[in-house]
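Novice: Submitted below is the structure of interest, expressed as C-alpha cells.
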Amino acid sequence: MFELIDRVKPGLKKLVATLRETYPYASVLAVADECRTWVVNSSGVNIAPSGRRGGTGYVLRVFDGMGCAEYSFNEFSEEKIPALCGILARRLAEQKEALKGFAPLPTPVPADEPAQLRKCSAWRIHPKDMGDEAIVEKLTALRKKALAYDGRILDAQANISYRAFRKLFLSENRDLDQTIMWTAASMVAMAARGQEIKIAYHPFSALGGAEVLEDMDKDVETVAGEALELLDSQPVIPGEYECVCGPDTTGMIVHEAFGHGVEMDMFVKDRALARQYVGEYVASPLVTMHDGSAVEQAATMFFDDEGTLTGDTVIIGKGILKGGMCDALSAARLGVAPTGNGRRESYERKAYTRMTNTYFQGGEATPEEMIASIKDGFLLESPASGMEDPKNWGIQCMVTTAREIKDGKLTGKIFSPIVLTGYVPDLLKSVTMMSKTPVLSGSGFCGKGYKEWVKVSDGGPYMKARIRLG
Amino acid sequence: MIERIQNALRQCGISLWRINEAVEETAELFFVRQKLDTRRIKDVRKYEVSVFRDVDGDGGEKRRGFTAVPLTAAMDDGQIAEELRSAYYAAQFAANPFYELADPVKGPLVEKTGSLAEKPLAESAGIMAKALFAPDTRGDAFVNSAELFISRSRHRILSSEGTDVSYTDAQAKGEFVVQCREPEDVEIWNQFAYDGLEPEALSRKVEESLAFVRDRARACPDLKSGTFDLVLSGDAVQELLGYYRHRSGAQSVYAKYSTWKLGEDVQGDVQGERLDLTLKASAPYSTEGIPMEDLPLLRDGKLARYHGNNRFCRYLGVEPTGAYQKFHCGNGTVPFPELKKGPCLWVVTFSDFQMDAMSGHFGGEIRLAYLIDGVFVQPVTGGSINGSILDAQKNLVFSTERYTSAEYDGPYAVRLPGVRVAGAGK
C-alpha cells in the first residue's frame, strides 16, 4: 500500500542529507493516507472523505540558531530539493528579521539514536474489499432496525469511517516505516420532546477494518431504547453523590480530567499542576493508569510523528503519580526520555504531546457489587463531552445519562444532561471499587484546546467514586 | 493539475463534477512566555473533486448521488483516474432524491485587500507577535504561552455546470494563555481570529485577559448552588446564539431535527428583546461556488430564511445560500453597567461553554465569574451552569456595547434570568 512512499524515499533521504550540511539536525516525516466515511440517516446516504483526515504530505524539522523550525509541504520530487532548501532558508531568515527581540526557548538538539523499523497493523476486512454497496446496505439495515423499534424514534443514524495511512520517518540515523488502519463506527438514535431532541449514542472502534460492523447489530435496540428513556429524564439536584461510572465515563475521566494534565509539554509551560505531584498519591491505591500502544485500539502506533518508538507508559501506579507522557522537544527541554507521544493532526500541523490509548487498569469488583453498595447515587453512562484543566485540576465533563440508584438498586429513573465538576484528585482518591476488565473505545478525536484533532481511545473498568453532579 | 483532473474526468466518463482547489501558505509562531518555542512555515496545494452520478430509484424515479475524493499533484494520471473511478462507483450507492446542481457562476478573481493580505507573512507575524506581548509588562500576571497563525490562501471552484470563480483570503488567528501566580496560581485560555491585521485589537484582548486572570487568582471557590440571573459575555454570547443558526439550517429542517417554519415566531412568548440575527458572508463564494452575501435570519424573533448547502436548500425549495460561519446580532438595549446590576452572576470565562443545539441545553464549568449583589462584587470560580435556551429565550436582554470576532458581530453581553448553577464548595 501507499507506493508513493517507496517512490519518494530515496529523494527524501537525499533531502535530509542535504539539510544536514546546513543544520545540526534534520528529519522528515512523510505521510500517505486514504480514508472514507459512510453515513446513513434521514438526510440520506453520504459517502465522503473522512473529516479530520491527515492528508498526504511532508514535514521537515531542522534546528538552527533560533531552535526548532518546521516546513510542511505536499509536493515533492528529487528535483525540488534545492528549491525546498532555498525556501526554508529564505523564510526562516525573514522570520528571524521580523522577530528581532524574541529569544529562542533553549532546546537541546535531539539525540537521534539509531533505529530501524517497518511494521504494519492487522485488519480482517479492508473496507475497500467489503465495498461501498455492502457497507451502505449494512448501515441502512441497522438504521431501519432502530427506526422500527418504536414509532417515537425521530431518526437513527449509522455510520462508519476508516483511515489507513503509511508514515515514513527519516533522519540521519533513523529509518522508520509503519502502515496502520483504524476504523470507527457509531449507532445513534434520536427522540423528540417538543423542541428538545434527545440523543443516544453507542460507539464502536478498532485497530482494524470493517469487522467493527459485526458488533453493531446487537446494540441497535439498546440505543433506541436509551433515546426513549431520555424523553422522561429530568435535571439532577446539584450535589455530591456516590456514583458508578460505566467504562465509557471512566474513560472520559481518565482522558479529560487527568490525561491532559500529564501531557508534559504542559510541564514545560508551567501549565500542569501534576508536575508538582510526581511521586505522590493523587488517586486511590486502586487506580493504575496507562497510556500507549501496549493495547490494540484506534490510537495504537509503532512510532510517533517525531520518530520516537512507542510503548506502555504507566502514568499512575497504585495511586502514585509516576510521571507523564512526553513528545521529543518537551523531553529534551525537561531532560527526560520521550515516551512516543509526539503527535500531529496532520503533516500540516505542529507536534504536541498527545495521548494515545489511555485507560485505568481493572480491579476486583463486579458492576453488580458496586451498584449494590450504593444507598443513594447514580450510574453514569454515555459521556457527551469534556474539557481539560491541567493547571487547576478542575473537572468539566458532561454525561448524557445518570441512572438513579436507591438502596443498592437501579430505580429506572433517568436524569439528563449531567455536568460533572470538582477537583480531580478528590474524585480519584474517592475511588473505592473497580471492576475487573477495562473496556476501551476510540470512536472520537481529541483536541488540544479546540484544535489539533488526533485519533485517541480511552476507557477503563466500571469505577465507583464520589462525584459532584450538576 | 486542474487540466489533468478535467482530462481524467472526461476519460472516466464523469460528466457532473466540481473541483475545489486551495493553495495556502502560512507563517506560524509558538511561544513559551516570550521565548520562541517553534517556528513553522507551510506551502500546500490541495484538490478535492466531487463527482455526481444519476441513477434510477426503485420506483423508476431519478436519484442523484455524489462523493468526493482528495487528489494531490504527486499522483500520476493513472492514479488520478483510478481515484475518480472509485469515487464515481461509490456515488451510485449514495443516491438521494434528485436535486439540481448549484447554478453556474463565472467571475474574475476576488482579491482580498488590506495589509494582512498584502504584507509578507513573516512581517505580519512579527507585528502580531509584538502586539500580543505588548501588554505583558507586569510580573504578577503574564502571558504564559501563545500560538500565532498567519495564513494566506487562494481558492478556485470549477464545475461541470460552468462555474469558474476564485478568491483570495488572509487570516490572523491563534490562542494565548495568561497566568497569575498569587494568591492562587491560575490561568485563562483565550483564542482570537481576525480577517485583517489588527494589532491594537489583539493587545486590548490580552490586556483584558490579564485583568481577568488577576481576578481569577483571588476568586472565591465556594459559589453556592442555586438559581441565578446569568450574564454571559464575549464568545459565550456567540455560542449561545449559535442555536438559532443551527436550527434554521436547511439540513436540520430537511431531517426534521428542526420543525421551524419560515415566518414562524421561533422565540415564543417574549418578555425580553426580540431577536434580530443576520448571516454574514465571510467569503465571496461558498465551497460549491454559490455567491454569498449578508442575509436576514431572524427578524423580530421570526424566522426569515433557511440557509445551507445547495442540496438541502433545493430539497426545501429555497434559494441555496451556501454555509455561513459568521452572524450578526442587531440586539442591544441596555448599557453593560446596568445589565450586570445585581443580583446576578456574570460568568467571564468557562473551561468550555457549550450550546447543544439539538437539545437546547447550554452549560459549562465556571473558570471566573463575578457574583454581583447590589454594589458588592465577588470574583468566584468553580461550579457549573446548566440551562436551556428554550426557557431562557423569552427573557433575553442584550448590552448596547458590541463585540466582534471572526464568527460573530453583536452585543458584548446578554442577561438570562433563572439559570440553575451547581456550586463548587470543596
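Novice: Among the listed residues A:Pro108, A:Pro82, which satisfies the condition of being open to solvent by 40 Å² or more (accessible area, probe 1.4 Å), out of contact with any Pro (no Cβ under 7 Å at 6 or more places or on another chain) and under 26 Å from A:Glu345 (Cβ atoms)?
Specialist: On the way: A:Pro82 fails: under 26 Å from A:Glu345 (Cβ atoms).
Going through A:Pro108, A:Pro82 in turn, the sole match is A:Pro108.
Novice: If you don't mind, another one. Pull up region A:405-426, narrow it to residues that are outside any helix (DSSP H, G or I) and over 13 Å from A:Leu379 (Cβ atoms), then point me to the one that is farthest from the other protein chains (Cβ to nearest Cβ). Write out each step before concluding.
Specialist: Restricting attention to region A:405-426, the residues satisfying the condition of being outside any helix (DSSP H, G or I) are A:405-423.
Next, only the ones that are over 13 Å from A:Leu379 (Cβ atoms) stay: A:407, A:417, A:419-423.
Details: A:Asp407: 25, A:Pro417: 6, A:Val419: 4, A:Leu420: 9, A:Thr421: 5, A:Gly422: 8, A:Tyr423: 6 Å.
By that ranking, first place goes to A:Asp407.
Novice: Among the residues of region B:14-40, write down those that are without any contact (Cβ under 8 Å) to a residue 60 or more places away in the chain and surrounded by fewer than 19 Cβ atoms within 10 Å (Cβ to Cβ). Working first, answer last.
Specialist: Filtering region B:14-40 down to residues without any contact (Cβ under 8 Å) to a residue 60 or more places away in the chain leaves B:35-36, B:38-40.
Correct list: B:Lys35 only.
Novice: Conditions: (1) away from every other protein chain (no Cβ under 13 Å); (2) open to solvent by less than 20 Å² (accessible area, probe 1.4 Å); (3) more than 27 Å from the chain's Cα centre (by Cα); (4) among the hydroxyl-bearing types (Ser, Thr, Tyr). A:Thr22 meets all but one. Number of the miss?
Specialist: (2)
Novice: Could you list, in sequence order, all residues of region A:101-118 that are away from chain B (no Cβ under 14 Å) and part of a strand (DSSP E or B)?
Specialist: Matches in region A:101-118: A:Ala115, A:Gln116, A:Leu117, A:Arg118.
Novice: Give A:Leu440, A:Leu427, A:Leu420 a once-over and let me know the one that is closer than 15 Å to A:Gly246 by Cβ, among the hydrophobic types (A, V, I, L, M, F, W, C), open to solvent by less than 20 Å² (accessible area, probe 1.4 Å) and touching a residue at least 40 places away in the same chain (Cβ under 8 Å). Reasoning before the result, please.
Specialist: Values: A:Leu440 fails: open to solvent by less than 20 Å² (accessible area, probe 1.4 Å); A:Leu427 fails: closer than 15 Å to A:Gly246 by Cβ.
Just a single option satisfies the conditions, and that option is A:Leu420.
Let's see how each residue does on (1) modelled with pLDDT of 90 or more; (2) within 14 Å of chain A (Cβ to nearest Cβ); (3) open to solvent by 20 Å² or more (accessible area, probe 1.4 Å):
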{"residue": "B:Pro284", "(1), (2), (3)": "yes, no, yes"}
{"residue": "B:Ile290", "(1), (2), (3)": "yes, no, no"}
{"residue": "B:Asp294", "(1), (2), (3)": "yes, no, yes"}
{"residue": "B:Arg314", "(1), (2), (3)": "yes, yes, yes"}
{"residue": "B:Met355", "(1), (2), (3)": "yes, yes, yes"}
{"residue": "B:Phe362", "(1), (2), (3)": "yes, yes, no"}
{"residue": "B:Leu368", "(1), (2), (3)": "yes, yes, no"}
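Novice: Right, another one. Give the number of residues within region A:18-37 that are in contact with a strand residue (DSSP E or B) (Cβ under 8 Å, 6 or more places away or on another chain) and in a helix (DSSP H, G or I).
Specialist: Counting residues in region A:18-37 that are in contact with a strand residue (DSSP E or B) (Cβ under 8 Å, 6 or more places away or on another chain) and in a helix (DSSP H, G or I) gives 2.
Novice: Out of A:Lys318, A:Lys269, which single residue is open to solvent by 20 Å² or more (accessible area, probe 1.4 Å), among the charged types (D, E, K, R) and under 23 Å from A:Asp426 (Cβ atoms)? Break it down stepwise before answering.
Specialist: Details: A:Lys269 fails: under 23 Å from A:Asp426 (Cβ atoms).
Just one listed residue meets the conditions, A:Lys318.
Novice: When you scan region A:381-397, do you find a residue that is buried (at least 22 other Cβ atoms within 10 Å of the Cβ), at positive phi and at pLDDT 90 or above, even just one?
Specialist: Yes: region A:381-397 contains one or more residues that are buried (at least 22 other Cβ atoms within 10 Å of the Cβ), at positive phi and at pLDDT 90 or above.
Novice: Another question, if that's okay. Restricting to region B:174-191, name every residue that is more than 8 Å from chain A (Cβ to nearest Cβ), more than 14 Å from B:Phe31 (Cα to Cα) and hydrophobic (A, V, I, L, M, F, W, C).
Specialist: B:Cys180, B:Ile188
Novice: In addition: Hey, does region B:10-17 have a residue that's within 13 Å of another protein chain (Cβ to nearest Cβ), out of contact with any Asp or Glu (no Cβ under 7 Å at 6 or more places or on another chain) and hydroxyl-bearing (Ser, Thr, Tyr)? Give the derivation first.
Specialist: Quick first cut of region B:10-17, residues within 13 Å of another protein chain (Cβ to nearest Cβ) only: none.
Checked region B:10-17: no residue is within 13 Å of another protein chain (Cβ to nearest Cβ), out of contact with any Asp or Glu (no Cβ under 7 Å at 6 or more places or on another chain) and hydroxyl-bearing (Ser, Thr, Tyr).
Novice: Looking only at region A:43-56, filter to residues that are under 28 Å from A:Gly11 (Cβ atoms) and surrounded by fewer than 24 Cβ atoms within 10 Å (Cβ to Cβ); which one of those is farthest from the other protein chains (Cβ to nearest Cβ)? Full working, then the answer.
Specialist: Step one: filter region A:43-56 for residues under 28 Å from A:Gly11 (Cβ atoms), giving A:49, A:53-56.
Narrowing the set further to residues that are surrounded by fewer than 24 Cβ atoms within 10 Å (Cβ to Cβ) leaves A:49, A:53-55.
On the way: A:Pro49: 6, A:Arg53: 8, A:Gly54: 11, A:Gly55: 7 Å.
Within region A:43-56, the match that is farthest from the other protein chains (Cβ to nearest Cβ) is A:Gly54.
Novice: Going by the structure shown, is B:Leu148 among the aliphatic types (A, V, I, L, M), under 22 Å from A:Lys100 (Cα atoms) and assigned to a helix (DSSP H, G or I)? Write out each step before concluding.
Specialist: Working: among the aliphatic types (A, V, I, L, M): yes; under 22 Å from A:Lys100 (Cα atoms): yes; assigned to a helix (DSSP H, G or I): no.
The answer is no for B:Leu148.
Novice: Only one of A:Val62, A:Val40, A:Val28 is open to solvent by less than 40 Å² (accessible area, probe 1.4 Å), more than 9 Å from chain B (Cβ to nearest Cβ), over 25 Å from A:Ala351 (Cβ atoms) and touching a Leu at 6+ places or on another chain (Cβ under 7 Å); which?
Specialist: Details: A:Val62 fails: over 25 Å from A:Ala351 (Cβ atoms); A:Val28 fails: over 25 Å from A:Ala351 (Cβ atoms).
Selected residue: A:Val40, the only one of A:Val62, A:Val40, A:Val28 that is open to solvent by less than 40 Å² (accessible area, probe 1.4 Å), more than 9 Å from chain B (Cβ to nearest Cβ), over 25 Å from A:Ala351 (Cβ atoms) and touching a Leu at 6+ places or on another chain (Cβ under 7 Å).
Table: residues versus (1) within 11 Å of another protein chain (Cβ to nearest Cβ); (2) under 28 Å from B:Arg18 (Cβ atoms); (3) surrounded by fewer than 19 Cβ atoms within 10 Å (Cβ to Cβ); (4) not polar (S, T, N, Q).
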residue	(1), (2), (3), (4)
B:Ser124	yes, no, no, no
B:Met128	yes, no, no, yes
B:Ala131	no, no, no, yes
B:Gly139	no, no, yes, yes
B:Val165	no, yes, no, yes
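Novice: Then there's this: How many residues does region B:62-110 contain that are within 14 Å of chain A (Cβ to nearest Cβ), in a strand (DSSP E or B), open to solvent by 50 Å² or more (accessible area, probe 1.4 Å) and among the charged types (D, E, K, R)?
Specialist: The number of residues fulfilling the criteria is 1.
Novice: Scanning for something at the interface with chain A (Cβ under 8 Å from one of its Cβ atoms), assigned to a strand (DSSP E or B) and of a type outside the set (A, V, I, L, M, F, W, C), does region B:401-419 turn up at least one residue? Break it down stepwise before answering.
Specialist: At the first step, the residues of region B:401-419 found to be at the interface with chain A (Cβ under 8 Å from one of its Cβ atoms) are none.
No: region B:401-419 contains no residue that is at the interface with chain A (Cβ under 8 Å from one of its Cβ atoms), assigned to a strand (DSSP E or B) and of a type outside the set (A, V, I, L, M, F, W, C).
The values are calculated or read from the model by the stated rules, or taken from the named source; none is laboratory data. All values derive from a computational prediction rather than experimental measurement. Here Cβ is always computed from backbone atoms with ideal geometry, including for glycine, and neighbour counts include all displayed protein chains. The protein model used for the area step is the full one, side chains on, heavy atoms only, and it has no ligands, DNA or RNA in it. Shrake-Rupley method; radii C 1.70, N 1.55, O 1.52, S 1.80 Å.
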